[in-house]
Amino acid sequence: MSSNTIVRLPYLHDHHSHVSLYSALAGLPDLGHVSAGPKGVAQALALLHGLPNEDLSLVIGWHTDRLPFSSADLADMPPALIVNSSLHGFVLTPAALPFVETLWPEFAEHASEEDWIERNLGQTFCFYSRVAGFTPSKLEAFMATMEGLGIGSLEDMTIASEDALEIIANSRYSDRILCWATPDVYRCLSAQARSRCVGIKIFLDGALGGRSASLDEPFLSGEKGMLLYSDNELHALLVEIAGYKTGLSVHALAHRCIEQILRCIEDLANEGVHLPAVRLEHLQFISLDQAKRAKKLGIILSMQPNFNSDSVDFIDRLVPRHRAENDPFRMLIDQAGFVPGVDLVFGSDGMPHGPEYALQWSLFPAYESQRLSPEEFVAGYKPEAGRARAIPGEGSVFEVDGDRHVVRPAL
């Protein structure tokens, strides 16, 4: 791309976010901008020691490798639930346990069990939202921020409750936010609330940030990742979901769980069990064979171009082959036949929201296999026809410096 090219983007649809959760988390104490090293740790500890002692605080933006906290560090801190920047993983101060035991006893009981937390991640997201508080005014502020970034509509992948659905339904954004519910939440919804959901979201593995994604070989530090369900458990859950006759969204980040969900869907099809609409999320480590099988099954792939940067950001934990395999967009489009905006759609997972970072890593990725053209990029962020309302007009304008490989807002 030549230097100083102007790219004009319409308002985009973020196919993967957490609207109610991120709205609730806005304005909370944030460790995301604290630097690594002893000075950063000292700054983080000072922030945490300044929290109130009389109530439970939720703290966001914690990078476990950048800011390691020892048991001694946490021992005399105020009550705090400190959440990993990936939203997968957290730490509780000892003073927080009485509050958590009252709010969600089961969570307090299993807080140190990584497998339990990952398997109950959807409920954990709902708990974060409950502690932080999701309100109409927070939704207004969040959506205003999204519009300022050039995002006109979004999908809430883990709506916290029927009350959260009501807040969205009664807002002026009701036709610009699509909501998904975890099985535990969906089972408790009224018929009217279920009609406001586009489907059910399940999690099959963890994340790179927590070293819990189901890679086909261990992380550099030895962790093997995890599958959250046995085949029999997943089969039974999918049969239940098929009975609801609603959409299915599946968090499937890495090799082993991608293989598992494809195998289970193929088996169900052979048994005559029909899932009306299936969307697989993340798919950062999908093979050509798996992609062709997904294409044959009519599955939509929902991916995040901003996660191209994981190939660089996680050089400390990914083997070289995995860094190169991450987000194989060219294979999916050029070899497997997926079409951006048709059966290949894009979102952000809120890491970060807005097109700037994603466009930077799409036009100038670490690996050519990750590259997207501006046209493919825009197509992947279009709202699906008949679902979320598109906002007309120009959402954002960027200057692309092809010589320096930089994307920046145009002045």
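The values are calculated or read from the model by the stated rules, or taken from the named source; none is laboratory data. The structure displayed is predicted, hence computed values, not measured ones. Virtual Cβ from ideal backbone geometry, glycine too; neighbours counted across all protein chains shown.
The strands (runs of 3 or more DSSP E) falling completely within region 33-142 that include 1 or more residues that are in contact (Cβ under 8 Å) with a residue 12 or more places away in the chain, closer than 29 Å to ALA169 by Cα and not assigned by TED's automatic domain parsing to the domain that holds LEU228 map to 57-62, 80-84. Annotation: of all residues in region 187-223 being hydroxyl-bearing (Ser, Thr, Tyr) and surrounded by fewer than 21 Cβ atoms within 10 Å (Cβ to Cβ), the one that is nearest to ILE300 (Cα to Cα) is SER195. Please go through region 182-219 and give me each residue that is over 17 Å from LEU283 (Cα atoms) and charged (D, E, K, R), ordered by number. Within region 182-219, ASP184, ARG187, ARG194, ARG196 qualify. Residues of region 167-184 that are closer than 14 Å to CYS126 by Cα, in contact with a Lys or Arg (Cβ under 9 Å, 6 or more places away or on another chain) and not in a strand (DSSP E or B): THR182, PRO183. Can you work out which of the residues in region 209-222 that are modelled with pLDDT of 95 or more and within 18 Å of the chain's Cα centre (by Cα) is farthest from LEU248 (Cα to Cα)? Step by step, filter region 209-222, then rank; the result is LEU215. When LEU154 is tested against (1) farther than 26 Å from SER214 by Cβ; (2) part of a helix (DSSP H, G or I); (3) under 16 Å from the mean Cα position of the chain (by Cα), only condition (2) is not met.
Annotation note: of LEU48, LEU56, the sole residue that is touching a Leu at 6+ places or on another chain (Cβ under 8 Å) and buried (at least 16 other Cβ atoms within 10 Å of the Cβ) is LEU56. Scan region 56-74 and give yes if some residue there is in contact with a Pro (Cβ under 6 Å, 6 or more places away or on another chain) and of a type in the set (A, V, I, L, M, F, W, C), otherwise no. The answer is yes; a qualifying residue exists. Among residues of region 307-320 being assigned to a helix (DSSP H, G or I) and free of Cβ contacts under 8 Å to residues at least 12 places away in the same chain, the one that is farthest from the chain's Cα centre (by Cα) is PRO320.
Looking across region 78-91 at every residue that is at pLDDT 95 or above and surrounded by fewer than 22 Cβ atoms within 10 Å (Cβ to Cβ), the one that is nearest to TYR128 (Cα to Cα) is identified as PRO79. Within region 290-306, being out of contact with any Phe, Trp or Tyr (no Cβ under 8 Å at 6 or more places or on another chain) and more than 18 Å from LEU275 (Cα to Cα) holds for GLN290, LYS292. The set of residues from region 126-165 being among the charged types (D, E, K, R), modelled with pLDDT of 95 or more and in contact with a helix residue (DSSP H, G or I) (Cβ under 8 Å, 6 or more places away or on another chain) comprises LYS138, GLU155, ASP156, GLU162.
One residue is enough: does region 361-381 have a residue meeting the conditions acidic (Asp, Glu), assigned by TED's automatic domain parsing to the domain that holds HIS405 and in contact (Cβ under 8 Å) with a residue 60 or more places away in the chain?
No: region 361-381 contains no residue that is acidic (Asp, Glu), assigned by TED's automatic domain parsing to the domain that holds HIS405 and in contact (Cβ under 8 Å) with a residue 60 or more places away in the chain.
In region 187-306, counting only strands (runs of 3 or more DSSP E) that sit wholly within it, none holds 1 or more residues that are outside the structural domain of GLY347 (by TED's automatic domain parsing) and among the acidic types (Asp, Glu).
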